[in-house]
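Derivation of every value follows stated rules applied to the coordinates shown; laboratory data play no part. Computed from a predicted model, the values in this text were never measured in an experiment. A quick note on method: Cβ atoms are made from the backbone with ideal geometry, for glycine too, and the neighbour counts reach across all protein chains shown.
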Amino acid sequence: MARKAVATKVKTQPNVPELTNEQELEAYREMLLIRRFEEKAGQMYGMGLIGGFCHLYIGQEAVVTGITMASEKGKDAQITGYRDHGHMLVMGLDPKGVMAELTGRSGGLSRGKGGSMHMFSNEHRFYGGNGIVGAQASLGTGLAFASKYKGDGSVSLAYFGDGAANQGQVYESFNMAKLWKLPVVFIIENNKYAMGTSIERSSATTDFSQRGASFDIPGEQVDGMDVRMVYDAAKRAIEHARSGNGPYILEMLTYRYRGHSMSDPAKYRSKDEVTKYRQERDPIEQVKARLLETGFATEESLKTLESEIRAIVTEAADFATNDPEPDAAELWTDITIEA
Ligand SMILES: Cc1ncc(C[n+]2csc(CCOP(=O)(O)OP(=O)(O)O)c2C)c(N)n1
Ligand SMILES: [Mg+2]
């Protein structure tokens, strides 16, 4: 008889955790910034101002927002794949630098030489922006190894997708992370698709929270469209990792509204499916409704906030359009470092 590995399943809390009014407003602001920034990036791509690959995070904003709010900014490390603009914005990186990297300008975070998928900031402890699917799980485990080695008390937050979760290196990383009790939280952003392939078509088991079962890594399945649930689960997972108990897995049930990248025939899912998520589960609308219901915000105050965010995005877009391209001499810089 087949044995089922269930030992590590952690029950999610039955009650919906509450955020303070101030936290709700913060979450709203961060998520709205990501959305408006990326809508603009999508337009600029259409105008030919952004070249190469560009993957939008629209729909998934609650994941990085809730996790970052639960983390220690400037101390905990974050690393993700190519769907990375939101991570940088929430971690406090300058929107002008992010947008200018998208347009390949010298004021970009990687001086215009990395583009959408390859940005990082050592200072803010953001380690990319990685184009190799699954690599961030291993690199994130390495960051956790460094944290333990140095004893700096930081936690590594490594995000990857449902498709990446089927990569071999992810399991080698799980093994080492558990063996050495490394302070890492693996965040599996299950948005149901890897490019045009649904999880049902690609994955032998679709409960990704259980993927650490053979390594005895605890895992939780979380409503990734509800920032309160994300924040609450992230607090628990980060605390677990920071206290020396080793890795933790959070499977975030989420959804991307846009195509995989800027070119996507969108034949693998129905329009109705997308509309349903947008109308019934939108992470930003959920927070907005609560803010208005409690009276902590008014339609008026949210409009003012919206204009502030639009101004930030317009400023970023203007900068990214007018900033010069990197000098030809930059072709040979930042390629290797002397250790
Ligand atoms: C090692 C490797 N294999 C394949 C690809 C091509 N590729 C780019 S994105 C992607 C799908 C990944 O899907 P998922 O992990 O679910 O992330 P999502 O795009 O949904 O955020 C694939 C197969 C790649 N970049 N790297
Ligand atoms: Mg996916």
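Within the shell of other residues whose beta carbon sits under 11 angstrom from the beta carbon of Glu39, the net charge comes to +4, with Lys and Arg scored +1 and Asp and Glu -1.
Each of Thr80, Thr197, Thr275 has some number of other Cβ atoms within 10 Å of its Cβ, and from fewest to most they run Thr275, Thr197, Thr80. Counting charges near Lys113 (Lys, Arg +1; Asp, Glu -1) among other residues having Cβ under 9 Å from its Cβ returns a value of -2. By DSSP, the beta bridges lying fully in the stretch 21-317 are antiparallel in about 10 percent of cases.
Anything in the chain that counts as a DSSP H helix reaching 20 Å or more along its axis (C-alpha) with Kyte-Doolittle mean of at least -0.5? List them, would you?
Sorted by number, the helices that extend far enough and score high enough are 135-150, 299-322.
Dipole size in debye (nearest 20) for the chain around its Cα centre, Lys and Arg Cβ +1, Asp and Glu Cβ -1? Intermediate values should be presented prior to the final figure.
Working: 39 positive and 46 negative charges, 232 e Å.
Magnitude of the dipole: close to 1120 debye.
Relative intensity of the chain on a log10 scale, I(q)/I(0) at q = 0.09, 0.11 Å⁻¹, equals -0.47, -0.71, per a Debye sum over C-alpha point scatterers of equal strength in the absence of solvent.
Residues with beta-carbon under 15 Å from that of His85, excluding His85: net charge, scoring Lys, Arg +1 and Asp, Glu -1? Taking every other residue near His85 into account, the sum is -1.
FRET efficiency for the Gln279 to Lys150 pair, using the beta carbon distance and R₀ = 51 Å, is estimated at 0.60. When every alpha-carbon pair in the stretch 121-278 is counted, what percent end up more than 27 Å apart? In whole percent, the share of Cα-Cα pairs in the stretch 121-278 beyond 27 Å is 24.
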